[in-house]
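Single-structure report; data block below.
The values are calculated or read from the model by the stated rules, or taken from the named source; none is laboratory data. None of these values were measured; they are calculated from a predicted model. In this analysis, Cβ positions are derived from the backbone assuming ideal geometry, glycine residues included, and neighbour counts consider all displayed protein chains.
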Amino acid sequence: MLGQYMSRSAILLGLFALIGTGLVALVFTATEERIAESERQFMLRNLHAVVKPELHDNDIFHDMITVIDPQRLGTKNPVPVFRARKNGEPVALAITPIAPDGYVGPIKILVGITFDGTVLGVRVLSHRETPGLGDGIEEKRSDWVFGFNGRSLSNPGSKGWAVRRDGGQFDQFTGATITPRAIVKAVHKALKFYALNRDQLFQKTSLSPTEIHTEITHEEEATHE
């Protein structure tokens, strides 16, 4: 009797374990899919903010590659690059460099660049800067970030690519110079990277959808390390 009771208990425990494992896996899968879709929508909104949909006719989110250039892109990790094309011809791209020297920590940005090297727009994707001071880099809080629109390596020129306190043409915030300085430097370096690699950036084969999700997630985690 005791042996039969123990056998039934073991079977029941095994069944509960299997059911529990299945439920956890089901919840994880559903959650993972929602997170992936949320990340995709977030990135698409920002991509369309710096590279307007009317400028291209391809799927900019999936026409994506990754590149590595720690010196110019601020991180040793792969950096996503989203390509925009019109009738098969390259018209612009959006790159996601890191400003590693923010006041509190790294700042992840998105820079839209036309084929000829002009900035279409800049957005801050993630940061931990001090509320009320450094968070003026967010477009919802101030129009500072729009000051990059129309800029290029020759406009304003090398010396102009700095905040006014350092002799450049970009404003800093009252009581906060480090944060805008870091972003100005990161955008300038991203333009230099683009100028050196433009043709190769548009010729490289796109990643698969799975690889795109992996790279975006990996970069987001690396930014917050």
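Would you say residue 136 is small (Gly, Ala, Ser), more than 22 Å from residue 193 (Cα to Cα) and touching a strand residue (DSSP E or B) at 6+ places or on another chain (Cβ under 9 Å)? When the stated conditions are applied, residue 136 passes them. For residue 117, the conditions (1) touching a Leu at 6+ places or on another chain (Cβ under 7 Å); (2) in a strand (DSSP E or B) all hold with the exception of (2).
For region 114-155, the set of residues classified as touching a His at 6+ places or on another chain (Cβ under 9 Å) and of a type in the set (Asp, Glu) consists of 135, 138, listed by residue number.
Filtering 139, 129 for residues that are more than 13 Å from residue 189 (Cα to Cα), at pLDDT below 95, among the charged types (D, E, K, R) and touching an Asp or Glu at 6+ places or on another chain (Cβ under 6 Å) leaves a single hit, 129.
Where residues in region 91-114 are in a loop (DSSP other than H, G, I, E, B) and under 11 Å from the mean Cα position of the chain (by Cα), which of them is farthest from residue 202 (Cα to Cα)? Among residues in region 91-114 that are in a loop (DSSP other than H, G, I, E, B) and under 11 Å from the mean Cα position of the chain (by Cα), the one farthest from residue 202 (Cα to Cα) is 97. Of all residues in region 160-180, those being in contact (Cβ under 8 Å) with a residue 40 or more places away in the chain and part of a helix (DSSP H, G or I) number 3. Within region 174-210, the set of residues being over 12 Å from residue 107 (Cα atoms) and of a type in the set (S, T, N, Q) comprises 174, 177, 197, 200, 203, 205, 206, 208, 210.
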